[in-house]
Amino acid sequence: MASQSDHKAAIIDGKAIAQTIRNEIAEEVRHLSQKYGKVPGLAVVIVGNRKDSQSYVSMKRKACAEVGILSLDIDLPEDVSQVDLIAKVHELNANPDVHGILVQLPLPKHINEEKVLSEISIEKDVDGFHPLNIGKLAMKGREPLFLPCTPKGCLELLSRSGISIKGKKAVVVGRSNIVGLPVSLLLLKADATVTVVHSHSPDPESIIREADIVIAAAGQAMMIKGSWIKPGAAVIDVGTNAIDDSSRKSGYRLVGDVDFQEACKVAGWVTPVPGGVGPMTVAMLLNNTLDGAKRVIAQ
């Protein structure tokens, strides 16, 4: 039998899978355009000029252009009032050419995020964060109109890699509204036995060691060591953490919540950072926008 040091996990190429999905979306957009003379429209609202938000948004806009989705850019100043922001959201709700509305988070401190998100029409909530969409996701026998993009991307990586979820032990590390919580609900819907590990969980290592599927979304660089992983497990790493690296021109490099080198020696499958979950999040946003448009255009 091969020794442990010879083992090499299969690397799940999120970039390649996302490209396949984008090609499928482009095909469907072409079909809508030819048959109905309409294309999906995504409105991207960005408040202020946070560097990370700016780069996420430009990535989303580029991706829209690539698949033929019309992207409407709404750039608002950092000091925009909550009333004006909500008025903008209402205007987009009423615009028939907009099928998806994305408000880039985080919002400035003086704006109540919950209030703004709940003003987005549920039919256009392509981020899947409207309380009604999350509520339906949490309930048996209900289907949300949209699934949150990153969790949906995680499950898509598993299914396109041939990894079944039903009856498996899944551990989600982290309980954020954006990833941890909704991905745990999605795994439950897919019939996994789900445990959520968070900052108040004693001995996370022993819980993670039991998992057939690990979704790491804690925002802690390389927190999950190779010794924490069950041999053959599927490891989906949602973390994106910048750590100092003087050998890089930028002075830093991106790492996940999992120690990738170590995980490769134990896991059955593992996603790299970058190039794993990140590209999938954007692909799922495009997919949700297409779905929203299809409900309206191809009735």
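Against the numbered list (1) open to solvent by 10 Å² or more (accessible area, probe 1.4 Å); (2) closer than 18 Å to Thr271 by Cβ; (3) in contact with a Leu (Cβ under 9 Å, 6 or more places away or on another chain); (4) not aromatic (Phe, Trp, Tyr), Val179 comes up short only at (3).
Consider Ser199 carefully, then state whether it is in a loop (DSSP other than H, G, I, E, B), among the hydroxyl-bearing types (Ser, Thr, Tyr) and closer than 30 Å to Gly141 by Cβ.
When the stated conditions are applied, Ser199 does not pass them.
All of (1) open to solvent by 50 Å² or more (accessible area, probe 1.4 Å); (2) touching a Leu at 6+ places or on another chain (Cβ under 6 Å); (3) more than 24 Å from Val282 (Cβ to Cβ) hold for Val194 with one exception: (1). Taken together, Asp237, Asp259, Asp191 contain a single residue that is among the charged types (D, E, K, R), within 15 Å of the chain's Cα centre (by Cα) and farther than 30 Å from Val98 by Cβ, which is Asp237.
Residue by residue, here is whether (1) part of a loop (DSSP other than H, G, I, E, B); (2) β-branched (Val, Ile, Thr); (3) open to solvent by less than 20 Å² (accessible area, probe 1.4 Å) holds:
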| site | (1), (2), (3) |
| --- | --- |
| Pro231 | yes, no, no |
| Ile236 | no, yes, yes |
| Gly239 | yes, no, yes |
| Ser250 | yes, no, no |
| Met284 | no, no, yes |
| Arg295 | no, no, no |
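Scan Lys8, Lys38, Lys60 and give me the residue that is assigned to a loop (DSSP other than H, G, I, E, B), in contact with a helix residue (DSSP H, G or I) (Cβ under 7 Å, 6 or more places away or on another chain), surrounded by 16 or more Cβ atoms within 10 Å (Cβ to Cβ) and at negative phi. Unique residue meeting the criteria: Lys38. When every residue of segment 218-227 is checked against the conditions, at least one turns out to be part of a helix (DSSP H, G or I) and either in contact with a Leu (Cβ under 8 Å, 6 or more places away or on another chain) or surrounded by 14 or more Cβ atoms within 10 Å (Cβ to Cβ) (or both).
The values are calculated or read from the model by the stated rules, or taken from the named source; none is laboratory data. It should be emphasised that the depicted structure is a prediction, and the values quoted were computed from it without experimental measurement. Cβ: placed from backbone, ideal geometry, glycine included. Neighbour counts: every protein chain shown. These accessible areas exclude ligands, DNA and RNA; they are computed on the full protein's heavy atoms, side chains included. Shrake-Rupley method; radii C 1.70, N 1.55, O 1.52, S 1.80 Å.
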